[in-house]
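Peer 1: Before we start, here is the structure in question, set down as structure tokens.
The values are calculated or read from the model by the stated rules, or taken from the named source; none is laboratory data. Since we're looking at a predicted model, the values are computed, not measured. Using ideal geometry, Cβ is built from the backbone for each residue, glycine included, and neighbour counts are taken over all protein chains shown.
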Amino acid sequence: MTDDAPLTPSQEDQALAAELALGLLDGPEAAAATARMSTDPDFARIVHDWYERMAGIAEALTPVMAPARARQAIRERLGHVTPPLANDPTERRAWGRGPMGALAGLLAVAATAAFLWLPGLQQPAAPAYQAQLATQDQVLRVAARIDGRDMEIALESGAAPDDRDWEIWWVKPDGSAPVSIGLVPRDGTLRMTLPDGLDPSADIQIALSDEPAGGSPTGQATGPVVAIAPLTSL
Amino acid sequence: MTDARRSELETLIARTAMGDRDAFDRLYDATSAKLHAVCLSVLKDRPEAEETLQEVYIRVWQSAARYASNGLSPMTWLITIARNRSIDRLRARGSRPVTAPEDAAAFVACSAPGPESATIMAQERRMLDDCLARLAEAQAGAVRAVYLEGVSYADLAAREGLPINTVRSWLRRSLLRLKDCVSQ
């Protein structure tokens, strides 16, 4: 294919399909090409092949965990949960005020105590790990804790400057690319479920790198690693 | 992606289409970190990417029933929704008018590829990196920037200091070359 030969009709279709799949067409052209998909199954197939082909580029991106609040917000927006403060707290207080409430409370305490103390009823404890991350001067200190597949990250001191973020990386012993698991929260605790493929063990190290606000733009650590620590079993 | 993972995701999407919240949760667990990476790659802004990720899963919940008819592999469908939502938001940032949502074309029904063509597409995916490496650096860079950062023809033209039509014809040829290479 020389660079100035006109495209053949089949190449024109391929190029148009690629442009549609990539979002390169502007309004009227995109609308016309989308409409053509409905009447021309071959063209629809070509567009979808372009989606498949190019998705390979995205599949190569390093996964970045979203903060747990994103999932909570999705559930709330879909009406799958009531937000934590949606229940009228006075309602519950009124119910607990009467003698039956007190009795129910006692029973609940007793049931919980029985559950906690009867060894046969205990769930097998999920393996728990922690990592204590700190810079050498101890200005930045971050605590990570894993229970089963739940992970918590808390900033103890040393929030990143406004235009920077500390990014958290999961480092496997096999030398594969570290996986981003999110950003150190500026306050409070980040809670998340570990994604498939990240299995806690004493071979894993957690690292923090200094990144532009919002995290590494490339999916790989771009800034210096400021702290690193292995997971230790609790 | 292994066949087992693909069919697991297909099952989760099918159950989500029936209103199974548990399946939807598991779909989120399995795929949200990748889709979040896609949103971040386009938007380069953490809060906006997080907000867009929410919109992506709301769209997935609402349109899971239409997934089966579009013939895309589950990850491609999810990535396409995430990428297009992110690009919509990126373009809304500038004062450029936003037209139809970018992902309309991903929802057009399409015959599912036969097993043979699914194998060919898997093969093409494996070739993709090699073939991008074989393009001239500027071409490969432009293709990646278009896909991963939502760069438009106007952006490319401004970047290269060339007329839009010149950039367009150059990128179309780059894409055709890429396709010829992966489908050898």
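Peer 1: Of the residues A:V47, A:V64, which single one is more than 30 Å from B:D20 (Cα to Cα) and buried (at least 20 other Cβ atoms within 10 Å of the Cβ)?
Peer 2: Exactly one of A:V47, A:V64 is more than 30 Å from B:D20 (Cα to Cα) and buried (at least 20 other Cβ atoms within 10 Å of the Cβ), namely A:V47.
Peer 1: Could you list, in sequence order, all residues of region B:134-151 that are without any contact (Cβ under 8 Å) to a residue 40 or more places away in the chain, within 16 Å of A:G23 (Cα to Cα) and in a loop (DSSP other than H, G, I, E, B)?
Peer 2: B:V151
Peer 1: Also, I was wondering about something else. Facing chain A (nearest Cβ under 10 Å), hydrophobic (A, V, I, L, M, F, W, C) and surrounded by fewer than 20 Cβ atoms within 10 Å (Cβ to Cβ): which single residue out of B:A154, B:A158, B:A145, B:A140 fits that description?
Peer 2: Among B:A154, B:A158, B:A145, B:A140, only B:A154 is facing chain A (nearest Cβ under 10 Å), hydrophobic (A, V, I, L, M, F, W, C) and surrounded by fewer than 20 Cβ atoms within 10 Å (Cβ to Cβ).
Peer 1: How many residues are within 17 Å of the chain's Cα centre (by Cα), acidic (D, E) and either under 13 Å from A:I153 (Cα atoms) or within 11 Å of chain B (Cβ to nearest Cβ) (or both) if we restrict to region A:177-210?
Peer 2: 1
Peer 1: Right, next: Taking into account only those residues within region B:161-184 that are touching a residue at least 40 places away in the same chain (Cβ under 8 Å) and facing another protein chain (nearest Cβ under 10 Å), which is nearest to A:T8 (Cα to Cα)?
Peer 2: Here the answer is B:R177.
Peer 1: Something else: On the basis of being closer than 30 Å to B:R26 by Cα, at pLDDT below 90, surrounded by 15 or more Cβ atoms within 10 Å (Cβ to Cβ) and aliphatic (A, V, I, L, M), does A:L85 make the cut?
Peer 2: no
Peer 1: Moving to a separate point now. Among the residues of region A:134-163, count how many are of a type in the set (A, V, I, L, M, F, W, C) and either within 15 Å of A:P195 (Cα to Cα) or without any contact (Cβ under 8 Å) to a residue 40 or more places away in the chain (or both).
Peer 2: So the count comes out to 8.
Peer 1: Out of A:A32, A:A44, which single residue is without any contact (Cβ under 8 Å) to a residue 60 or more places away in the chain, at the interface with chain B (Cβ under 8 Å from one of its Cβ atoms) and over 30 Å from B:A33 (Cβ atoms)?
Peer 2: So the residue among A:A32, A:A44 that is without any contact (Cβ under 8 Å) to a residue 60 or more places away in the chain, at the interface with chain B (Cβ under 8 Å from one of its Cβ atoms) and over 30 Å from B:A33 (Cβ atoms) is A:A44.
Peer 1: Shifting gears a bit: In region A:61-77, how many are at the interface with another protein chain (Cβ under 7 Å from one of its Cβ atoms), without any contact (Cβ under 8 Å) to a residue 24 or more places away in the chain and not β-branched (V, I, T)?
Peer 2: Result for region A:61-77: 4.
Peer 1: Additional query: Please go through (1) modelled with pLDDT of 85 or more; (2) surrounded by 21 or more Cβ atoms within 10 Å (Cβ to Cβ); (3) not in a loop (DSSP other than H, G, I, E, B) for A:P200 and return the number of the only condition it doesn't satisfy.
Peer 2: Result: A:P200 fails condition (3) only.
Peer 1: Also: Restricting attention to region B:87-99, does a residue exist that is under 15 Å from the mean Cα position of the chain (by Cα), modelled with pLDDT of 90 or more, surrounded by 15 or more Cβ atoms within 10 Å (Cβ to Cβ) and not charged (D, E, K, R)?
Peer 2: The answer is yes; a qualifying residue exists.
Peer 1: Any residue in region B:76-87 that is farther than 20 Å from A:R45 by Cα and free of Cβ contacts under 8 Å to residues at least 60 places away in the same chain sitting within a Cβ distance under 8 Å of a residue that is assigned to a helix (DSSP H, G or I) and hydroxyl-bearing (S, T, Y)? List the pairs, counting only those 6 or more apart or interchain.
Peer 2: Cβ pairs passing all conditions: B:A82/B:T52; B:R85/B:T52.
Peer 1: Shifting gears a bit: For region B:118-131, what are the residues that are facing chain A (nearest Cβ under 8 Å) and either within 23 Å of A:L20 (Cβ to Cβ) or at pLDDT below 65 (or both)?
Peer 2: Scanning region B:118-131 gives B:M121, B:E124, B:R125, B:L128.
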